[in-house]
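A.B. asks: The structure is given below, and queries will be raised subsequently.
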Amino acid sequence: MATVLAIETSCDETAVAIVNNRQVCSSIIASQISIHRQYGGVVPEVASRQHLETINWAIAQAFEQSQMSWEQIDGIAATCAPGLVGALLVGLTAAKTLAMIQKKPFLGVHHLEGHIYATYLSKPSLDPPFLSLLVSGGHTSLIYVKDCGNYETLGETRDDAAGEAFDKIARLLKLGYPGGPIIDQLAQAGNPQAFALPEGKVSLPGGGYHRYDGSFSGLKTAVLRLVQQLEKNNTEIPLADVAASFQETVARSLTKRAIACALDYGLSTIAVGGGVAANSGLRKHLQASAAKNNLRVLFPPLKFCTDNAAMIACAAADHLERGHTSPLTLGVESRLSLAQVMKLYQSGY
């Protein structure tokens, strides 16, 4: 396998990593959480400026940690879609510049493909086909992984992503940002059966429900109404119970759809990726249900659940091995379907 240096700046982490043969040689992640916390969410312009200030330091740290030199690098990659346009531009421009100066192949990587490849970092022997459950702040999808660059989305959220729902409920409960880790920790002390909340089903024309698609807007509204009713009755809001009930509902909903999808398509492995893959409730539900159905479920290490450059490098290395590179004219895109991932590459280098 090729050795790739990759840069990830799609949102609010400035990340640089070097990966060889699905082995992480270095992984640097400079988080901006403390900066954006005061705003209750990511401010795109602030994120872009912070990336500019941090990117050179992160690249230097990646080389120092790996004890490698430019001569050992086979290719340079960066996330090019989807994400915040200004933030993406910082990483992509840095990668292109390095590729030209060092005369190395350049690769633009789809962010979601990176999350799929995060599982390979702990399970290098994993091979397609398998089902990928991607759950993050911006995406919630069930993806049939057929091969490198060959993906079919079988289900997705029709509104908010799971991670976005966690952040919005945390904001509603005045818990702070980011919401996922806070709710997960609070839920440990709560009763997940305290409040009955709707899982959110997507209706089909003519009746019935979509088997793999989900929705979190109804769940958010239900929690809002619950809180409003408690406040109207002058009842102290049992934060731990509300958090536990909400988390239980999200985990149950995601698990049902993932298990049904894997069984229907005859896929024996479910690989989970994205920030919500770190959620203890989802891990517990999915592992228990998978065991009952003789399925294997794989979670990346916690450090590779959230945005990182190691997963981007891993995906890029696989593409580079197959002779795929990207033109230096490649731009960034705030939205790009995973089905269009091969438009980022040209064959031969």
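A.B. asks: At 0.36 nm per residue, minus the direct Cα-Cα distance, what do E53 and T235 gain on full extension? Give it in nm, one decimal, please. Kindly include the intermediate steps, with their values, before the conclusion.
C.D. replies: On the way: separation 182, 0.36 × 182 = 65.52 nm, distance 4.72 nm.
Residue separation times 0.36 nm, minus the Cα-Cα distance, leaves 60.8 nm.
A.B. asks: Further question: Convert each backbone phi in segment 167-174 into a coupling constant with the Karplus relation 6.51 cos²θ - 1.76 cosθ + 1.60 (shift: θ = phi - 60°), then list the ³J(HN,Hα) values in order as whole Hz, x for Gly and Pro.
C.D. replies: Working through the residues one at a time gives 5, 5, 5, 4, 5, 4, 8, 6 Hz.
A.B. asks: Grab the alpha carbons of segment 1-88, take their convex hull, and tell me the volume per residue in Å³.
C.D. replies: Details: hull volume 8.2 nm³, N = 88.
Looking at segment 1-88, the number lands at 93 Å³ per residue.
A.B. asks: Sticking with this one: Once fully extended, how much extra length lies between A196 and Q67, figured as 0.36 nm per residue of separation less the alpha-carbon to alpha-carbon distance? Display every interim value, and only then the final one.
C.D. replies: Values: separation 129, 0.36 × 129 = 46.44 nm, distance 5.35 nm.
Result for the pair: 41.1 nm of gain on full extension.
A.B. asks: Cα convex hull of the chain: how many Å³ per residue?
C.D. replies: Working: hull volume 47.6 nm³, N = 349.
In the chain, the Cα convex hull volume per residue is 136 Å³.
A.B. asks: I want to check the label-to-label distance for K103 and S334. Put each point 7 Å from Cα in the C-beta direction and report it in nm to one decimal.
C.D. replies: Calculated label separation equals 4.0 nm.
A.B. asks: Using a 7 Å offset from the Cα along the Cα-to-Cβ direction at both E45 and R283, what is the distance between the two label points in nm, to one decimal?
C.D. replies: The two pseudo-label positions are separated by 3.9 nm.
A.B. asks: Please give every one of the aspartates and glutamates within straight-line cross-link reach of K103, meaning a C-alpha to C-alpha distance under 15 Å, and leave out same-chain neighbours fewer than 8 residues apart.
C.D. replies: Once the sequence-local aspartates and glutamates are set aside, what remains near K103 is E71, D74.
A.B. asks: Looking at the chain, send over the antiparallel percent of its DSSP beta bridges, to the nearest 5. Walk me through the numbers on the way to the answer.
C.D. replies: Numbers: 29 of 46 bridges.
Here the antiparallel bridges make up roughly 65 percent for the chain.
A.B. asks: For segment 118-178, count all C-alpha to C-alpha pairs, find those more than 18 Å apart, and express that count as a whole percent of the total.
C.D. replies: Working: 900 of 1830 pairs.
Result: 49 percent of Cα pairs exceed 18 Å.
A.B. asks: How many Lys pairs in segment 129-299 lie less than 27 angstrom apart by Cα atoms, where the lysines are 8 or more positions apart or on different chains?
C.D. replies: Here the count comes out as 21.
A.B. asks: Fully extended, how many nm does the chain gain between S34 and H210 (0.36 nm per residue separation, minus their Cα-Cα distance)? Can you show the working numbers first?
C.D. replies: On the way: separation 176, 0.36 × 176 = 63.36 nm, distance 3.91 nm.
Separation in residues times 0.36 nm, less the Cα-Cα distance, equals 59.4 nm.
A.B. asks: Separate question: Quick check for you: which residues of segment 217-249 have the amide N under 17 Å from the point 7 Å beyond the Cα of A189 toward its beta carbon?
C.D. replies: Answer for this model: 236-247.
A.B. asks: Next question, about the same structure. Summing +1 for each Lys or Arg and -1 for each Asp or Glu, what net charge is found among the other residues whose Cβ lies under 12 Å from the Cβ of G163? Walk me through the intermediate numbers first.
C.D. replies: Values: positive: K168; negative: D160, E164, D167, D184, D307.
Net of charged neighbours comes to -4.
A.B. asks: I'd like to know how segment 129-299 sits against the 2.2 N^0.38 Å rule of thumb: what's its Cα Rg over that expected value?
C.D. replies: On the way: Rg = 16.2 Å, N = 171, 2.2 N^0.38 = 15.5 Å.
Taking N as the residue count of segment 129-299, the ratio is 1.04.
A.B. asks: Only bridges with both residues in segment 129-299 count here: give the DSSP antiparallel percent, nearest 5. Kindly include the intermediate steps, with their values, before the conclusion.
C.D. replies: Details: 13 of 21 bridges.
That works out to approximately 60 percent antiparallel.
A.B. asks: Moving to a separate point now. As a test of the formula, what do you get for the chain when each DSSP H run with n ≥ 4 contributes -39,500 (n - 2.57) and the sum is divided by the residue count, at 222 nm and rounded to the nearest 500 deg cm²/dmol?
C.D. replies: Details: 10 runs with 140 residues, N = 349.
Calculated at 222 nm, the ellipticity per residue is -13000 deg cm²/dmol.
Throughout, read-outs are computed from the coordinates displayed, never taken from laboratory work. Remember, predicted model here, so these are calculated numbers, not experimental data. Methodologically, a virtual Cβ is constructed for each residue, glycine included, from the backbone with ideal geometry; neighbour enumeration extends over all protein chains shown.
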